[in-house]
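To start, the structure itself, in structure tokens.
The values are calculated or read from the model by the stated rules, or taken from the named source; none is laboratory data. Keep in mind that what you see is a predicted model, and the values were worked out from it rather than measured. Quick reminder, even Gly has a Cβ in these numbers, built from the backbone with ideal geometry, and neighbours come from all protein chains shown. Just the protein is used for accessible areas: all its heavy atoms, side chains included, with ligands, DNA and RNA removed. Shrake-Rupley method; radii C 1.70, N 1.55, O 1.52, S 1.80 Å.
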Amino acid sequence: AQSVTQLDSQVPVFEEAPVELRCNYSSSVSVYLFWYVQYPNQGLQLLLKYLSGSTLVKGINGFEAEFNKSQTSFHLRKPSVHISDTAEYFCAVSDLRRNTPLVFGKGTRLSVIA
Amino acid sequence: GAVVSQHPSWVICKSGTSVKIECRSLDFQATTMFWYRQFPKQSLMLMATSNEGSKATYEQGVEKDKFLINHASLTLSTLTVTSAHPEDSSFYICSARDPGQGNQPQHFGDGTRLSIL
């Protein structure tokens, strides 16, 4: 079974400052890793994913994440945040089987302050 | 890209009412769909896996008779909250994976906000 730990439940940051949202996972098998964003009263939008290959993954809205197998981490970063980045961010993991659902972390609330 | 449509987006009803939520895959056929529940300021909790043409697989602690799931076609799964009570109020989200995209991530509907008075 897989599990995901998002170490920070809330992250306040000033506009145009850099941000890192932390994610660690646990699994006994190879996994795929994802970051999703959720705006209020909406579903989830995929930011980026790691399936294989380069460990640095670039996503939408200027976000990127780095897969670190030795540290079992997949931290999300953005060099300069905007007010519009205020949202809930979820890290998720999936094994390689087609019909298994994603397992989510508890989420990190990013609040960008003007 | 693949789109999952969920309807309705918001429901307010009286206690004791049964509510049906639809989840459709618009441009792909989904043999498997997933239903999640999300409480305020919390993560998504998997409720059940909906399998086309067969019974749904429920997670531990989810009442099968309370949350009826029907996956009658390759593009439609429904979740019916039977005799809903205030404690069933929550945000329900469905998702599906396009089998034509291999092990690509799940696509999510926009969710249904259920409020039971």
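Would you mention how many residues in the stretch B:32-62 are facing another protein chain (nearest Cβ under 8 Å), free of Cβ contacts under 8 Å to residues at least 12 places away in the same chain and open to solvent by less than 70 Å² (accessible area, probe 1.4 Å)?
1
Answer yes or no as to whether A:T108 is surrounded by fewer than 16 Cβ atoms within 10 Å (Cβ to Cβ) and either over 28 Å from B:S5 (Cβ atoms) or within 14 Å of chain B (Cβ to nearest Cβ) (or both).
no
Please verify whether B:F91 is on the phi < 0 side of the Ramachandran plot and touching a Pro at 6+ places or on another chain (Cβ under 6 Å), treating the condition exactly as stated.
In short, no.
I need the full set of residues from the stretch A:56-105 which are part of a loop (DSSP other than H, G, I, E, B), in contact with a Ser or Thr (Cβ under 8 Å, 6 or more places away or on another chain) and either of a type in the set (S, T, N, Q) or crowded, with 17+ Cβ neighbours inside 10 Å (or both), in order please.
The answer is A:T72, A:T86, A:N99, A:T100, A:P101, A:L102, A:G105.
Has the stretch B:76-97 got any residue that is within 14 Å of another protein chain (Cβ to nearest Cβ), assigned to a loop (DSSP other than H, G, I, E, B) and either within 19 Å of A:V103 (Cα to Cα) or open to solvent by 60 Å² or more (accessible area, probe 1.4 Å) (or both)?
Yes, the stretch B:76-97 contains a residue that is within 14 Å of another protein chain (Cβ to nearest Cβ), assigned to a loop (DSSP other than H, G, I, E, B) and either within 19 Å of A:V103 (Cα to Cα) or open to solvent by 60 Å² or more (accessible area, probe 1.4 Å) (or both).
With the requirement that a residue be touching a strand residue (DSSP E or B) at 6+ places or on another chain (Cβ under 8 Å) and among the basic types (K, R), what does the stretch B:4-62 give you?
B:K14, B:K20, B:R24, B:R37, B:K41
Can you say whether B:M47 is hydrophobic (A, V, I, L, M, F, W, C) and out of contact with any Phe, Trp or Tyr (no Cβ under 9 Å at 6 or more places or on another chain), as far as the supplied structure shows?
no
Every residue in the stretch A:37-50 that is in contact with a Gly (Cβ under 9 Å, 6 or more places away or on another chain) and either more than 17 Å from A:H82 (Cα to Cα) or open to solvent by 80 Å² or more (accessible area, probe 1.4 Å) (or both), please.
Of everything in the stretch A:37-50, those that are in contact with a Gly (Cβ under 9 Å, 6 or more places away or on another chain) and either more than 17 Å from A:H82 (Cα to Cα) or open to solvent by 80 Å² or more (accessible area, probe 1.4 Å) (or both) turn out to be A:N41, A:Q42, A:G43, A:L44, A:L46, A:L48, A:K49.
Does the stretch A:17-27 include one or more residues that are open to solvent by 70 Å² or more (accessible area, probe 1.4 Å), on the phi < 0 side of the Ramachandran plot and under 10 Å from the mean Cα position of the chain (by Cα)?
Within the stretch A:17-27 (the criterion being open to solvent by 70 Å² or more (accessible area, probe 1.4 Å), on the phi < 0 side of the Ramachandran plot and under 10 Å from the mean Cα position of the chain (by Cα)), the answer is yes, since at least one residue qualifies.
Hey, could you check the stretch B:16-26 for residues that are out of contact with any Phe, Trp or Tyr (no Cβ under 8 Å at 6 or more places or on another chain) and surrounded by 13 or more Cβ atoms within 10 Å (Cβ to Cβ) and say which is farthest from A:N41 (Cα to Cα)?
Ranking the candidates gives B:T17 first.
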